[in-house]
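Here is the structure we will look at, set down as structure tokens.
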Amino acid sequence: MWVMGTMGWMKGDISMITALVPIFTIVMGSADGLHFMSHYLENLDKMERKEAVAETLRAVGSALIMTTLTTMVGFLGLLMIPTTGMKQMGVFAAMGIGYAGLASWVILPLMTLSARINLPGKRDGKDPLHSFIVKMIGWRAVLIGVLLVAIFLPGIWLVKTDFNFITMYKPRTAVRRNVEKIREIFDISVPAFILYRSDEDLISPKVGLHVLSLEDALRSSGLTGEVFSVYDILSRMNSFLFGGAPGYPPNNVRAQFLYRLMNTQKFLDLSSFVNPAFKEGRIIFFPVDLSSSVLAGIEKRVEAFSTPEIEYDVTGLPYVIKDMNDRIVSDQNRVVLVVLAIVAGMMFIVHRNILMVFISMLPILITLVVLFGFMGYTGIDLSLVTSNMASITIGVGIDHSIHFAGMYRYYRRKNSDVEKALRETSKHVAKPVFANALGLALGISVMNFSPMTFHTWLSMIMWVTMLTSSFTSLTLVPTFIRRFDDRFLGARGKWL
């Protein structure tokens, strides 16, 4: 309610990108409430409500603040993307996560003080999830981490940046079916344009023949379907009125006569094709498809025809998308590095130990390798939307390490035995972390009902990243804590 109201006051409308904000707020913002209630119910079984709330905040309070801040940083990293829609989603999603964190920290504890909660009955026997996690801690966790990197690292080089605004619609949608039918019947795709400028007389044979030669080169290249300009009309009019084979008027007098004649026809508006007053015109062409290789091939051929007298530039929506695809890798690398640096700095402020920062960040680094490797193997394009899942994954995935490290510190203060502290931490953190990871993945899965392909891709990516980050956080983090606690952490006492 808060974030939707804020979007209404500040923006007033919703796009296909900012429509993700309430979904992100619900599924990611509920994580802190899940962790709070999980530990509160455990404490409520041993003490009164007020004391249970206080003890729960002592155990997970700092982690709740940190996870809210890191998730907000992940979304705010989208401000570095030079696209208005992504910036708006980053800001509003960060607001939604902040509102949810505030509600979990302030409103939820107050509600638990007055709510009558029937505690679930305790189950007999061992917790299978806890037993599995404990069994994985150690060399098995390291082996699985190494295997994940070895398997998915080669997939990074298979990632493509070939997203276009037609394939963003699923094949079953009316938009996609209509475009495919037009392509099937007329053998054309979405149009693009070539702008040309010259100080010469644009109707003169010199310019007209040069433009027509460019059109012939594009048609024969196999990269385009139909190519059309005002000079095609003049060529046909010349043949119709003066006879002979179709061709451009041989002199400027005849060309000007035909141009003025056509301009007198009310049904024909040539101003969209050529504007002699402004010394510019445009050619319409239809690429055979909207892949980056085809668009780049067309652009290369057009550039080859540019001369000091006549300059050509390709433009149109397909080339806007292509420009985004061309810079998506550099934009994404910058965002990932900045977000990693900010999150690492925040972790250092909390832990005050560089080694612990590295241990906490290790699951995220492995998750990023798995993320891009998975995209490469499955053919998910690196687009304006999917590329930014890396930033979001850092902000969300680090939460699992934060909760484990925070809970371990809580039990380590009470118990000098590292093994006992690790067992207690795994016992109380495993379920909430896995529930959070599954909840996020299941919550984002609602986007499979969207008509957009990238929404389904986001769902797939969320499943992979959440399962990877939760598993590695619950196994690799305790493995390295066990190895280095006494030497680097507990001995100095600062971390505790």
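For a quick check: sort 306, 416 by the number of other beta carbons within 10 angstrom, fewest at the front.
Listing 306, 416 from fewest to most nearby Cβ atoms yields 416, 306.
Calculate the spin-label point distance for residue 263 paired with residue 354, positioning each point 7 Å from the Cα along the beta-carbon direction, and give it in nanometres.
7.3 nm
List the relative contact order of the stretch 174-315 as a percent without decimals, with contacts defined as Cα pairs under 8 Å and 6+ residues apart.
40 percent
Would you please give the FRET efficiency between residue 57 and residue 334, computed as 1/(1 + (r/R0)^6) with r the Cβ-Cβ distance and R0 = 60 Å, to the nearest 0.05?
After rounding to 0.05, the efficiency reads 0.95.
Rank-order 41-48, 404-411, 467-474 by packing density, defined as the average count of other C-beta atoms within 10 Å over each peptide's residues, highest first.
On the way: 41-48: 13.8, 404-411: 23.5, 467-474: 25.4.
With the highest mean Cβ count within 10 Å placed first, the list reads 467-474, 404-411, 41-48.
Helix 453-484 versus the longest principal axis of the chain: what is the Cα-based angle in degrees, 0 to 90, to the nearest 10?
Around 40 degrees separate the two axes.
Quote the FRET efficiency, to the nearest 0.05, computed for residue 131 versus residue 415 with a Förster distance R0 of 30 Å and r equal to the Cβ-Cβ distance. Mind showing how you got there, number by number?
On the way: r = 20 Å, r/R0 = 0.68.
After rounding to 0.05, the efficiency reads 0.90.
Relative contact order of the chain: what whole-number percent is it, with Cα pairs under 8 angstrom and at least 6 residues apart? Don't skip to the end; give the middle numbers.
On the way: 672 pairs, mean separation 116.2, N = 496.
The normalised contact order for the chain reaches 23 percent.
In nm, what is the difference between 0.36 nm times the number of residues separating residue 150 and residue 311 and their Cα-Cα distance?
Stretched fully, the residue 150-residue 311 segment lengthens by 53.0 nm.
Suppose the chain between residue 236 and residue 139 were pulled fully straight at 0.36 nm per residue; how much longer would it get relative to their current alpha carbon spacing?
Contour length minus Cα-Cα distance gives 27.1 nm.
Using the per-residue mean of other Cβ atoms lying within 10 Å as a proxy for protection, in what order, highest first, do the peptides 287-295, 269-277 fall? Spell out each step's value before the answer.
On the way: 287-295: 18.6, 269-277: 13.8.
Listed from highest to lowest mean packing, they are 287-295, 269-277.
In degrees between 0 and 90, to the nearest 10, how far off the longest principal axis of the chain does helix 418-444 point, with axes built from Cα atoms?
Approximately 30 degrees, to the nearest 10.
Note the angle between two axes, namely the Cα long axis of helix 49-76 and the longest principal axis of the Cα atoms of the chain, as a number of degrees from 0 to 90, rounded to the nearest 10.
The angle comes out near 20 degrees.
Just want the ordering: 481, 14, 321, from fewest to most Cβ atoms lying within 10 Å of their own Cβ.
Listing 481, 14, 321 from fewest to most nearby Cβ atoms yields 14, 321, 481.
Can you tell me the length gained on complete extension of the stretch residue 279 to residue 252, counting 0.36 nm per residue apart and subtracting the Cα distance?
Numbers: separation 27, 0.36 × 27 = 9.72 nm, distance 1.61 nm.
Going from the current span to full extension adds 8.1 nm.
May I have the convex hull volume per residue, in Å³, for the Cα set of the stretch 174-315?
On the way: hull volume 18.5 nm³, N = 142.
Once divided by residue count, the hull of the stretch 174-315 is 131 Å³.
How large is the helix-only mean residue ellipticity at 222 nm for the chain, computed as the sum of -39500 (n - 2.57) over DSSP H runs with n ≥ 4, divided by its residue count, in deg cm²/dmol to the nearest 500?
-22500 deg cm²/dmol
Can you check what the Kirkwood hydrodynamic radius comes to for the chain, Cα pairs only, in Å to one decimal?
26.5 Å
Nearest 0.05, what FRET efficiency do residue 216 and residue 158 give at R0 = 41 Å with Cβ-Cβ as r?
Rounded to the nearest 0.05, the efficiency is 0.65.
Rounded to the nearest 20 debye, what is the charge dipole size of the chain about its Cα centre when +1 sits on each Lys and Arg Cβ and -1 on each Asp and Glu Cβ? If you can, show how the numbers build up before the last one.
Values: 47 positive and 38 negative charges, 422 e Å.
Using only the charged Cβ atoms, the result is roughly 2020 debye.
FYI, it's all coordinate maths here, none of it is from the lab. This is a predicted model, so every value here is computed, not measured. No Cβ is skipped: glycine too gets one built from the backbone with ideal geometry, and neighbour counts run over all protein chains shown.
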